[in-house]
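Remarks on the structure that follows.
Just so it is clear, none of the values below were taken in a lab; they were calculated from the coordinates. Source: prediction; values computed, not measured. Glycine gets a Cβ as well: all are built from the backbone with ideal geometry, and neighbour counts include every protein chain shown.
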Amino acid sequence: MTRLSTPSRPRRSLASRIPLFDQVRSSIGLQRGMLVAGVVITLAFVLVAILAPVLAPFGFSQLRSSGETFGAQQPPSSSHLLGTTVGGYDVLSRVLWGAQTALLTIIVSVLLSIFVGIALGLISGYLGGWLDRVLVVVCDAVYAFPSLLLAIVMSIVISGGKSDLAGGILAASISITVVFIPQYFRVIRAETVRIKSEAYVESAKVIGTRAPRIIVRHVLRNATRSLPLLLTLNSSEALLTLAGLGFLGFGIEPSAAAEWGYDLNKALSDVTSGIWWTALFPGLAIVLAVLGITLVGESLNDLADPRLRGRRAAVDSGAPSADDDAVPHGAGASGDPLIDSNEEARP
Amino acid sequence: MTAELATPDPASAAPPVAARRSASSGGGLLRYLIVRFLLIIPTIFILVTLVFVLMRSTGDPITAAQGGKLTAVELAKRIHDAGYDRPILVQYFEYIGQVFTGNFGNTITDNRPVTEVLLTYGGATLELAFYALIVAFVVGIPLGMVAAYFRDKAPDAFLRIFAILCYATPVFFAGLLLKLVFSVWLHVLPVAGRASTGAELQMQVLPGKTGIYLIDAFQTGNPDVIGDVLSHAVLPGIALGLLTAGVFLRLVRTNLIGTLGTDYVDAARSRGVSEFRLVRKHAYRPALIPIITVIGLQIALLLGGAVLTETTFEWKGLGFQLAQYLASRDFVAVQGIVALLAVIVAVTNFIVDVIAALIDPRVRY
């Protein structure tokens, strides 16, 4: 066990800069499998989204090639690997292009909600007072409300329900953002309230540092611990909300972009007549994308929670020598030079 | 210190305050219930205001619904008649006043009171949520116990992936797949709807019909009708229930693993109680308490999921109706239904919190 991991030690400083590297290293067994599977699926999803123009045999709104129309509801064949939809689009192409819409929506919505949520949480938590109380009550009210309904209302407000690619993605993203802001707000506010009373913040106050600088330098940097986890969980939720909006007809027009939820809505009547390929593939795309992101998020969550971390972690590292048992896996990954030299010296 | 020196009043006022506080802490539960109940009002108020402001910021609902169909003059007349050309604040206070008297406005497309829409279709949604919760309990809790029992072994791995799949599969996709397999290919269950026409006709003529088909079906006393209603409920119930089942499974597993490590379970284990019995008898009861609190949040998720499930299965409930109104751009109806759902969510959260407080004294503050 120790011998295997020894060669990678010197390079750790470099390798640990890769996101998730430390987490993969400190995980074991099933947990590692889930994390790695999640990372692989998520990477594949991102790659498909970026390379959609290259991978897709046709455009997402293409109805004919070389003068011939595709035909509606064609079963999978050599010319259309996954068949065609009721609107006469190529299913495979729309599934691949759909990844792009999904990824853009995730990025825009998560970025927007992070910025707004963090800003509100920091200000509310640091300043306190009536503003804090009002924001907490409002965010709690919004948090308890069915997110999909809120997103529907928002998308009516923003786009009147239908729109083109840029407008549609923005509308969907902002709709989703409104749902997420309370979550970031809660987390960041709670952390801010805790950090506010720390000694280093008080000493910064004593030497006359202004509030904005304290908030940015001292509070913000320490309040973002749990963000990566929230971020992954929200990404998958954003995808599901986008699909839900699309399924209810609030998606993006098929001529503007491919959207999985919209395609499933159109496939609703196909299923009754036994046409499976128009529903199965966009649906599987949603499931896979959400699964990948959720696996990453879940594994991060479990690794951060000592109650759920794999039990064998202690047994494995404890086997070679007794004093190694005192060093938990998580601490080893933190890059403490003392622990490093100890382990280097042992073999 | 300084306050005491400056004015003698606070010091003399202090003892009664302290006395009152210690007296009221005796009635902890009652005080908690009252505070919690009063918290509903700002929640509803905020949500209704939010929905009003958002919906009205797009313009007046009549233009949205009838924009292309009427001439400009007719449109202006109808807007004036409905009072949508008055200052927005006046409309807002009128709306809030109406909401507090239980009037959520009339729909534009078919001119019915929103409360009537709720009464007609709310039962169906309630019924669907009920079936979904049954599925969630029956699937989620035992499987969560199994996962905790086989912690880090193959069954646990399988069940955890199952739980994540439950979450990752959109309810409408799960619905479509179930429909495809069981209705279209195997022909064992109906494709859509809440009951077949014959059964619906029998239930329509009932004197005391409730709109909740399960109750109505038992009222007819006809086993065919009961079977028909139940067979229609299976697929939508599973599609929506699996979503919550995944949440329950994970929650039970996590909490059970937590309680299995506590001292009293260790004590029981050292007395020779079998591991199976530990899970079954000792550890699982305290692990169920968090589920009750989580149900509160699940109600919101279920209502959101119900909109999608009802659309998938043409289940004529509130969510299906909401989707219809959305499609016909009847934003008064949408605003009314959403505001009503906000009230329902707030009230169910209150009820759930009360139950949690009754079961677990630590919740009361």
(message) I'd like the projected area of chain B, averaged over all directions, using the convex hull of its alpha carbons. Report it in nm² with one decimal.
(response) 29.3
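Neighbour counts of other C-beta atoms within 10 Å: give me B:Tyr32, B:Tyr167 arranged from fewest to most.
Details: B:Tyr32 16, B:Tyr167 24.
Going from sparsest to densest Cβ surroundings: B:Tyr32, B:Tyr167.
What ranking of A:Ile275, B:Ile134 emerges when the number of other C-beta atoms within 10 Å of each C-beta is taken as an exposure proxy, fewest first? Each step should come with its number before you reach the end.
Working: A:Ile275 21, B:Ile134 13.
Ranked by crowding around the Cβ, least crowded first: B:Ile134, A:Ile275.
Between B:Phe276 and B:Asp110, what length comes free when the chain is fully extended (0.36 nm per residue of separation minus the Cα-Cα distance, one decimal in nm)? Before the final figure, lay out each step's value.
On the way: separation 166, 0.36 × 166 = 59.76 nm, distance 5.86 nm.
Between B:Phe276 and B:Asp110, full extension yields an extra 53.9 nm.
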(request) Choose one of B:Leu249, B:Ser231, B:Gly272: the residue whose Cα lies farthest towards the positive end of the charge dipole of the range B:104-359 (beta-carbon charges +1 Lys, Arg; -1 Asp, Glu; about the Cα centre). (result) B:Gly272
(request) Would you tell me the mean number of C-beta atoms belonging to other protein chains that fall within 10 Å of each C-beta in B:307-316, as a whole number? (result) 3
(request) Post the alpha-carbon centroid distance, the range B:190-266 to the range B:74-114, in whole angstrom. (result) 37
(request) Please report B:Glu275, A:Glu253 as a ranked list, fewest other C-beta atoms within 10 angstrom at the top and most at the bottom. (result) B:Glu275, A:Glu253
(request) Within the range A:191-286, list the GluC sites (Glu not before Pro) lying in a DSSP loop whose Cβ has at most 15 other Cβ atoms in a 10 Å radius. (result) A:Glu198
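Using Cα pairs closer than 8 Å and at least 6 residues apart in sequence, work out the relative contact order for the range B:104-359, in percent.
On the way: 325 pairs, mean separation 81.1, N = 256.
For the range B:104-359, the relative contact order is 32 percent.
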(request) Using a 10 Å cut-off on Cβ atoms, rank the peptides A:279-288, A:207-216 from the highest mean neighbour count down. (result) A:279-288, A:207-216
(request) Report the charge-dipole magnitude of the range B:104-359 in Debye, nearest 20, computed about the Cα centre from +1 at each Lys and Arg Cβ and -1 at each Asp and Glu Cβ. (result) 860
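Checking the table A:Lys266/B:Lys316; B:Lys179/B:Lys316; A:Lys266/B:Lys209; A:Lys266/B:Lys179 against a 27 Å threshold on Cα-Cα, which pairs fail? Don't skip to the end; give the middle numbers.
Working: A:Lys266/B:Lys316 19 Å; B:Lys179/B:Lys316 17 Å; A:Lys266/B:Lys209 35 Å; A:Lys266/B:Lys179 15 Å.
Going by Cα-Cα distance, A:Lys266/B:Lys209 fall outside the 27 Å limit.
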(request) Classify the range B:199-355 as rounded, prolate or oblate, taking a ≥ b ≥ c as the square roots of the eigenvalues of its Cα gyration tensor: rounded when a/c is under 1.5, otherwise prolate if a/b is larger than b/c and oblate if not. (result) prolate
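For n ≥ 4 DSSP H runs only, could you compute -39500 (n - 2.57) per run for chain B, divide by its residues and tell me the 222 nm figure to the nearest 500? Display every interim value, and only then the final one.
Details: 16 runs with 270 residues, N = 365.
The helix-only estimate for chain B comes to -25000 deg cm²/dmol at 222 nm.
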(request) Give me the distance in nm between label points sitting 7 Å out from Cα along the Cα-to-Cβ direction at B:Thr71 and B:Leu126, one decimal. (result) 4.8
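At a Förster radius of 25 Å, what calculated FRET efficiency corresponds to the Cβ-Cβ distance of B:Phe162 and B:Leu230, to the nearest 0.05?
Numbers: r = 25 Å, r/R0 = 1.01.
It comes out at approximately 0.50.
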(message) As an exercise, use a Förster radius of 41 Å and the Cβ-Cβ distance of B:Leu189 and B:Arg269 to find the FRET efficiency, rounded to the nearest 0.05.
(response) 0.35
(request) Would you calculate the separation in nanometres between label points at A:Ile107 and B:Ala327, each defined as 7 Å from the Cα along the Cα-to-beta-carbon direction? (result) 3.5
